[in-house]
1. Can you tell which of 58, 18, 197 shows the greatest fluctuation in a Gaussian network model of the chain with Cα springs below 10 Å?
2. Give a residue-ordered list of calculated ³J(HN,Hα) values for the range 127-135 (Karplus: 6.51 cos²θ - 1.76 cosθ + 1.60, θ = phi - 60°; whole Hz; x for Gly, Pro).
3. Return one whole number: the accessible area per residue of the range 265-355 in Å², for a 1.4 Å probe.
4. Kindly provide the helix-only [θ] at 222 nm of the chain, computed as the sum of -39,500 (n - 2.57) over DSSP H runs of four or more divided by all residues, to the nearest 500 deg cm²/dmol?
5. Using Cα springs under 10 Å in a Gaussian network model of the chain, which residue among 126, 38, 308 shows the largest mean-square fluctuation?
6. Compute for the chain: radius of gyration divided by Kirkwood radius, i.e. Rg/Rh, restricted to C-alpha atoms, rounded to two decimals.
7. Provide the per residue accessible area, probe 1.4 Å, for the range 15-158, rounded to a whole number of square angstrom.
8. Using a Gaussian network model of the chain with C-alpha springs under 10 Å, which one of 292, 184, 195 is most mobile by mean-square fluctuation?
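The values are calculated or read from the model by the stated rules, or taken from the named source; none is laboratory data. All values reported here derive from a predicted model rather than from experimental measurement. In this analysis, Cβ positions are derived from the backbone assuming ideal geometry, glycine residues included, and neighbour counts consider all displayed protein chains. Only protein heavy atoms, including side chains, enter the accessible area calculation; ligands, DNA and RNA are left aside. Shrake-Rupley method; radii C 1.70, N 1.55, O 1.52, S 1.80 Å.
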Amino acid sequence: DLRNQSLRLVRNRNPFGAAAKVYEEEVASWLDVFRAMRVARLDIDNAYEPARHDDWVAALDWRSLSKEEKELVPIVVVVQQTARFNAQSVSELSQVLLGGQPIKVLLLVEPAANPLSDKDPLGGYRLELGYLALSHRQAVVQQTAAAHPTHMVEGLSEAMRVARPAVHLVASGLTLGGGEGPLGRWLQASAALEGRAPPLFFFNPELGASRADSFDFRLNPQPEEKWPVYPLNYSTEGEESASMNLPFTFADYALLDPAFHLHFRRVSEQVDTADLIPLAEYLDSDQEEVGGQIPFTWALDSKLQMVRLALSRSLATACADRMAYWRNLQELAGVKNAYVQAARQLAEEEAAVAL
């Protein structure tokens, strides 16, 4: 292996622009070797003609390197936190992914944060950097989480073997603002994954021309469902044990982050239940139909008894946004694809008429 295995660390306020320059510098240090190798191959085959090949060899740059030559150039990796992102950062990331240089970008993500809305994480729709990266088509894109190290490591390893740009968004186990959650980083990261805060996916355009070949969505919890559903055990007032199947939504994840506690209010027993609606049902309903009903989620109190927690409008909207993004990814992965369902329904209707 001719690759230089030494590590070179570069700190720069514009890491994306600096990465492009570093890559060009690394390529430049190898160009004489690559030129000599190409001439040598031609010479071995008695095909080298100076008048014909010298200008071609002299014009060699990173764009004209072969796949094997690109693999010999040291890998350039950008490590950045999305908490430091601004509009310019997004533009610079886009330039790296469109530039064609095999620069690898590792972005550390706070699952509940909105990269361009640090003052109010629930203000407006969330900027999905993973979805934005997919629009660049020729880049490898991975959205992963610290709670799923196998998915993360396999995606990183595969991207390193591909001579094209790549971006990896790694959701941490930190709360909003980078703090330690009440349950610890591992459970915090696992809850984020369950609540669709960072859906897992891996996209590699070299695996095939179709999304079915290039887009991997399988390792998400219950990928065919809107939200994963689990039984919740609790106690009744008579201290009897009971169980209820409940979806784990983005609101359930937010409940584990102290920064979002102001978006929850315990519902008094005197409140008419007709004024309340479970969050999952609220999200599936037409907003005109639910009218003034208040979305709520279930929780356990200190006595392990079920209580209702009403959600703020901002948090309910954020949950709807999470679900909409999830559905987008489901369609990309061919899971519950609306076009497929419509085609199947049409085929069934035509078959019924034929009978």
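1. Comparing 58, 18, 197 in the GNM, the peak value goes to 58.
2. Once θ is set to phi - 60°, the couplings for the range 127-135 become 6, 9, 5, x, 5, 4, 5, 4, 5 Hz.
3. Per residue, the range 265-355 has an accessible area of 63 Å².
4. Taking each H run of at least 4 residues, the total per residue is -12000 deg cm²/dmol.
5. Highest fluctuation among the options: 38.
6. Rounded to two decimals, Rg over Rh is 1.09.
7. On a per-residue basis, the range 15-158 sits at 51 Å².
8. Most flexible of the set in this elastic network: 292.
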